[in-house]
Every structure is written in C-alpha cells, then in structure tokens.
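The values are calculated or read from the model by the stated rules, or taken from the named source; none is laboratory data. Remember, predicted model here, so these are calculated numbers, not experimental data. Glycine also receives a Cβ, built like all others from the backbone with ideal geometry; neighbour counts cover every protein chain displayed. When the accessible area is computed, the model is the full protein with side chains, heavy atoms only, and any ligands, DNA or RNA have been set aside. Shrake-Rupley method; radii C 1.70, N 1.55, O 1.52, S 1.80 Å.
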Amino acid sequence: PPITTSDELYAYDEVAHKLLVAQKPWARDPHYFKRVKVSALALMKMTAHCKRGGDIEVMGMLQGYAKDDAFIVLDVFELPVEGTETRVNAQAEAYEYMVEYTHTCKAVGRHENVVGWYHSHPGYGCWLSGIDVNTQSMNQRYGEPFLAIVIDPIRTSRAEKVEIGAFRTYPDGYTAPEEPSTSSNLGIPKSKIEDFGVHANKYYSLDVSFFKSSLDARNLDSLTKKYWVNTLSSSTLLANRKLIASQVSDMEGKIAKAEKEIKRGGPTTTSSASLASMSMSPTSGSNLEKAGDVSALGTVTQDAISLAIEQSKMFASYAVKCALFDAV
C-alpha cells in the first residue's frame, strides 16, 4: 500500500492508551485488533536490520501505542540476540537491554510503550512458526496490547517491495472461525515446510499500512532524488543469485522426496496437459492448489513454475535495461 502522510498519528495520548489497556476489549473479542499502521521510520529500520541479518534470523521490539482497533508503530529498536537460520529467541541479556532502553526513552520524553516485537524469516515468507506462536502467546498473556511482525528480507530484495506480515494469537481454548487460507507454501524450504500451516488456526493476520510525517516526506523525496539511479541500475537477477541457487537446490530435495512417494504408490494427480496449460498462467501456483493437487509432486511443480516465471521477469527487466542504457 502507498505511504500516506499523517502528522496526527505521532501525537501519543497516554491517558487514552491507559484507558484502553484498563478496558481490555481484546479479552471479550480475540479478533479485536484488525489493523497495523507502521511509520516510514520504523519500516526502514526494521527492513535494514533484517537485511543486515542475511540468512540469520534477527529480532527487535516495536514502540508505539494502540488506538481503537489498530496498532500504531512509531519506532523500533534492535535486540542483541543471537539467532540461527531457522529461529531466534530473546535471552535474559536481551530483556535487560529492552527494559533499560525503554527507561532511557521515557527519561528523554519518549513515552510510547513497547507494543510488540518483530523478527525476520529470511527466504521463507511471513507466518508464525510454533516457537513464534508460543512467544507471541506469552507476550499477549503478560504484556497486552502486543503485536508480532515478520519481515522476509530476501523476498523483499527479490520483489523490490517489503514482504511484511502482522499477527496476533488467539487465547488458549479459542476455536478460530473457518477462513479461506490466504497463504501458500510456495517456495518454503523443505526444512520449514512441516512447520508451515501447522499452527495456522492459532493466530490471525492484521492489515498493514504505512504512514509518514510531513518531515519524513521531505527527507524521503530528497533521498529518492539522490539515489534513484542506484535503484534503476540494480539487477534483481544478480542480487538474488544466492537465493535462486538455494531454491534450485531445495527443489532437488523435494523432487527426490516426490520420487520416493511415487515409488510407494503415493498420489500423482498432476497431468502433463495441466502442467502445460498452467505454466502459461502467472497464477499457476494458485491454479494447481485449486485443482486439489497437494501431493509432493504437485508442490514441487508449483515451486518450479513459480521460479521459472520469476526468472523470466528478471531476465526481461535485465534485457530492457540493457536495451535502454547499453546502446548509448
């Protein structure tokens, strides 16, 4: 979504926030919060932090407040935690740092509260794993109102737009309403595929939008004028070569798994005719899912078609830039 200019959202009303916390409307309606508004500053800091982390998960905290059915995220700060390629957990040192940082902010007139946490999922999309669900549930139990944001820095670089998701968990014992799935396991590594979707009925996603102040707007315009050449000259084909190689390698493992499933007599519902027709469609992955092909062969077919389409777009973009600029 486009970034809207709004100076009013930077005016923190501490009394109104405390009143909302005292009323606890989320206790009566687990689906109470529906929106998240993220400032341009917070978005840039989160994205830069997650990108610096590379293939390692990183983590930080969100500062802001809750207003009506929305979270307003004004700023963020990083946590000194050590993550791995598949998980990140905050240790005692990180909690001490968070408390000290919050007290320092209040001492200089920054009275916004910690309203959530963010972490990265490098290369495998925005969703909550089992560990993420447990972490978010604990934070909601003892620190409401609380929000979880996930950013995929690798897919962000590939798509040239921020891949972001915001989530809240349901309380224990709550039966989530039946909703059509909006997520796909397309492109998720085989090491994470088993965890994907297992906990989907324990949390829900919130709509994410962005805003900036009038001062931010002037600064962003100045940066755009200075660095637009860098953006135009960048190549997603070169920038994502490591990701592409890992996806091809991961696909090899999925093909081997599908082969074993076929030898055991597993389902193979995808015909060559349907693959030929769907490979011509940019929505081939969703078409295969609608056709009901959830076999291992169907999954790797979706990944292969999606990767081929993305590569075609990258090659086309590269060819257009070469035609425009290398000919002069």
* Asked: Which condition breaks for Tyr124 when tested against (1) over 20 Å from Trp26 (Cβ atoms); (2) at pLDDT 85 or above?
  -> (2)
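Farther than 20 Å from Leu237 by Cα, at pLDDT 80 or above and surrounded by 13 or more Cβ atoms within 10 Å (Cβ to Cβ) - does that describe any residue in region 280-301? Don't jump to the end; show me each part of the working.
Quick first cut of region 280-301, residues farther than 20 Å from Leu237 by Cα only: 280-281, 283-301.
Cutting the leftovers down to at pLDDT 80 or above gives us 301.
Those left that are additionally surrounded by 13 or more Cβ atoms within 10 Å (Cβ to Cβ): 301.
Yes - at least one qualifying residue is present in region 280-301.
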* Asked: How many residues does region 238-253 contain that are open to solvent by less than 30 Å² (accessible area, probe 1.4 Å) and within 17 Å of Glu160 (Cβ to Cβ)?
  -> 3
